[in-house]
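Notes to accompany the following structure.
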């Protein structure tokens, strides 16, 4: 199990130093999230809080995740990068594939692509994308991405995308793992049947166990039942060695944490965040 650091809402100018410190300290990955814009008037309820309000403010930074991956990859050599999640239906899959391929190549094949359907109707409307069909477009976009990232000539005839044979270069030298995000039955089924793993929101341990059971049931019904399936999890009530060991035993492949929040608030300086990364590594990772 790799410990991964979520850098959502972080100052983009801190990301490279955080990534370097995380790699030096034994973390396995950096997890970066995605929004393109934040509307001044937001009517869509956020699905992951009780009151429907997002966890962030309108002026919170959301750097483009794949550009951020390329920047962090330039100052590191082994740590992996996970998008959790890229809202793929906001983008045409051919253009998305170009960005994904470039980030994968520049990082030396250290990218895991987490994708999700998205939840914010206003963001879709701003970009002229249909909100109602986002789930079906996501499934088709995954198919397009996989084909283009494999290299060679690709022709596609689908419900939403239709194009003659094209070739995209450069492409990664190894397969980019694709994780599916989301908590709805449709999202869990899509992740289990179409993807290489699942990228979580923030759950309790009990909630996570229920989701894991659903994922395994859906996976067992798919044509990929015998293939490895990654679990990238964030748990709000797992924060000690026993809890982390329990997640290992459940088959979690990437466990998300924000290590500096154990030792201070979200407004810490870059140096304080890096000190928190080292402290967590010394007290937790080294003991596991």
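Structure data summary
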read-out: Complete set of residues in the stretch 251-276 that are under 23 Å from residue 204 (Cα atoms), in contact with a helix residue (DSSP H, G or I) (Cβ under 7 Å, 6 or more places away or on another chain) and part of a helix (DSSP H, G or I); value: 259, 260, 262
read-out: Residue selected from the stretch 118-141 under the condition under 26 Å from residue 198 (Cβ atoms) and either touching a residue at least 60 places away in the same chain (Cβ under 8 Å) or in contact with a strand residue (DSSP E or B) (Cβ under 6 Å, 6 or more places away or on another chain) (or both), by the criterion surrounded by the fewest Cβ atoms within 10 Å (Cβ to Cβ); value: 127
read-out: Scope the stretch 249-288; condition closer than 27 Å to residue 215 by Cβ and surrounded by fewer than 13 Cβ atoms within 10 Å (Cβ to Cβ); matching residues; value: 249, 288
read-out: Those residues of the stretch 9-34 which are on the phi < 0 side of the Ramachandran plot, assigned to a loop (DSSP other than H, G, I, E, B) and buried (at least 17 other Cβ atoms within 10 Å of the Cβ), in sequence order; value: 10, 27, 28, 33, 34
read-out: Failed criterion for residue 67 (all others in (1) free of Cβ contacts under 8 Å to residues at least 60 places away in the same chain; (2) more than 18 Å from residue 285 (Cβ to Cβ); (3) touching a strand residue (DSSP E or B) at 6+ places or on another chain (Cβ under 9 Å) hold); value: (3)
read-out: Conditions (1) assigned to a loop (DSSP other than H, G, I, E, B); (2) touching a residue at least 40 places away in the same chain (Cβ under 8 Å); (3) under 29 Å from residue 136 (Cα atoms); number of the one not met by residue 40; value: (2)
read-out: Some residue of the stretch 147-161 being assigned to a strand (DSSP E or B) and out of contact with any strand residue (DSSP E or B) (no Cβ under 7 Å at 6 or more places or on another chain); value: yes
read-out: In the stretch 190-207, the residues that are part of a helix (DSSP H, G or I), without any contact (Cβ under 8 Å) to a residue 40 or more places away in the chain and buried (at least 20 other Cβ atoms within 10 Å of the Cβ); value: 191, 192
read-out: When residues of the stretch 82-100 are limited to those that are closer than 15 Å to residue 172 by Cα and without any contact (Cβ under 8 Å) to a residue 60 or more places away in the chain, the one surrounded by the fewest Cβ atoms within 10 Å (Cβ to Cβ); value: 99
read-out: Hits in the stretch 228-246 (condition: buried (at least 20 other Cβ atoms within 10 Å of the Cβ) and part of a helix (DSSP H, G or I)); value: 244
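Taken together, the values in this text are just the output of simple stated rules run on the coordinates, not laboratory data. None of the values given here were measured: they were computed from a predicted structure. So basically every Cβ, Gly included, is an ideal-geometry build from the backbone, and we count neighbours across all protein chains shown.
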